[in-house]
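Written out below as structure tokens is the structure these notes cover.
The values are calculated or read from the model by the stated rules, or taken from the named source; none is laboratory data. Keep in mind that what you see is a predicted model, and the values were worked out from it rather than measured. Positions of Cβ are backbone-derived with ideal geometry, glycine not excepted, and every protein chain shown enters the neighbour counts.
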Ligand code: 6MZ
């Protein structure tokens, strides 16, 4: 559907390393294979197999992390991911990533995030606004592209969320939150809790997440990717600013979610590929949409699941019989759920309203 591609969109649930291009991943793996650090043929097989369970997806992430270890690679991936989203008319992107320490290459959690920010600076196909210090139309002084050259390029707002991996300790999670606080001026808006949902306990992460909220950071949680009712209940009681997935909620939790009005980041392809939802026609998107619960369509891991935000819109439209104008409204409504401030929200409203006129939406 051409119009799904053409209309402006907002992406709020995209993991950096899960959004890596297949070609980049294969290229990096090949180079490591040539150095004898991995067995390329085994790697290639896992990368090219697109039918994956949740367990296999996490195995794949471990492989991806083996090849995305140094600063230059992190910078390159960030640049490419932002360019890919911008190319399909994503106008606001909240990109999340887990800060990683790797002593072998002199990488700290901080230098990892700095490498990500360098990737935002390196983007050349589109104008990137990524600092939360800039409001409205004024450009980030560290943004090298566009205004400096006087050309009128497409524009994308990018904000960052730092992810806490469920394998981490309370101390490591708090370290990530502190880093997020220190890097607010570079567009870090909040934190995410993600990682293999069968690992780790809610109580381990709670102190860090509470601290984040107390300090004014926004929090989004991967919630209900597996049927852990106790955890789902506690997550909803915590009142995060958004949740992702919400696949395994029981009746009680469902009621709680709906009355809380917590926006849900919906990842259709990811849920079906990982079998957390058996098929699209029984996906909770439909119920949430019909009951006007705040929702936003997202990709999760565009590289890993071979999808794009335009594809997700197209799938939702055809599966649930939602027309062009309604899909446009769905996309525009996401403005209310972004973690950036009012200045950016106003700019986005303007972008969507001009697109509505231009595209007759
Ligand atoms: C939970 C997920 C995920 O952080 O290295 N991640 N966590 N559920 C999912 N659904 C499929 N998809 C991705 O990006 C990769 C990391 O994001 C999390 C995992 O922790 C994964 O290792 P970054 O940029």
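Worth a mention:
- Taken over the stretch 12-26, the criterion of being within 14 Å of the ligand (Cβ to nearest atom) and in a helix (DSSP H, G or I) is satisfied by 24, 25.
- Failed criterion for residue 327 (all others in (1) surrounded by fewer than 20 Cβ atoms within 10 Å (Cβ to Cβ); (2) touching a residue at least 24 places away in the same chain (Cβ under 8 Å) hold): (1)
- Within the stretch 50-70, no residue that is in contact (Cβ under 8 Å) with a residue 12 or more places away in the chain and on the phi > 0 side of the Ramachandran plot sits with its Cβ atom under 9 Å from a residue that is away from the ligand (no atom under 11 Å from the Cβ) and in a helix (DSSP H, G or I) at 6+ positions apart or across chains.
- Criterion violated by residue 142 - all others in (1) over 24 Å from residue 190 (Cβ atoms); (2) in a loop (DSSP other than H, G, I, E, B); (3) modelled with pLDDT under 50 satisfied: (1)
- Being buried (at least 16 other Cβ atoms within 10 Å of the Cβ) and within 22 Å of residue 320 (Cα to Cα) is true of residue 265.
- Looking across the stretch 255-274 at every residue that is in a helix (DSSP H, G or I) and out of contact with any strand residue (DSSP E or B) (no Cβ under 8 Å at 6 or more places or on another chain), the one that is nearest to residue 49 (Cα to Cα) is identified as 273.
- Residue 64 being surrounded by 16 or more Cβ atoms within 10 Å (Cβ to Cβ), under 20 Å from the mean Cα position of the chain (by Cα), over 28 Å from residue 295 (Cα atoms) and near the ligand (Cβ under 9 Å from one of its atoms): yes
- Verdict on residue 205 being more than 27 Å from residue 50 (Cα to Cα), in contact with a helix residue (DSSP H, G or I) (Cβ under 7 Å, 6 or more places away or on another chain) and away from the ligand (no atom under 16 Å from the Cβ): no
- When restricted to residues that are touching a strand residue (DSSP E or B) at 6+ places or on another chain (Cβ under 9 Å) and in a loop (DSSP other than H, G, I, E, B), the stretch 27-85 contains 2.
- All of (1) within 18 Å of the chain's Cα centre (by Cα); (2) crowded, with 23+ Cβ neighbours inside 10 Å; (3) within 16 Å of the ligand (Cβ to nearest atom) hold for residue 9 with one exception: (3).
- Test: residue 312 is farther than 29 Å from residue 180 by Cα, touching a strand residue (DSSP E or B) at 6+ places or on another chain (Cβ under 8 Å) and at pLDDT 95 or above: yes
- Across the stretch 315-349, the qualifying residues are those that are assigned to a loop (DSSP other than H, G, I, E, B) and in contact with a strand residue (DSSP E or B) (Cβ under 7 Å, 6 or more places away or on another chain), and the one among them that is farthest from residue 289 (Cα to Cα) is 340.
Let's see how each residue does on (1) closer than 25 Å to residue 16 by Cβ; (2) within 15 Å of the chain's Cα centre (by Cα); (3) buried (at least 18 other Cβ atoms within 10 Å of the Cβ):
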| residue | (1), (2), (3) |
| --- | --- |
| 193 | yes, yes, yes |
| 228 | no, no, no |
| 240 | yes, no, yes |
| 248 | no, no, yes |
| 272 | yes, no, no |
| 287 | no, no, no |
| 300 | yes, yes, yes |
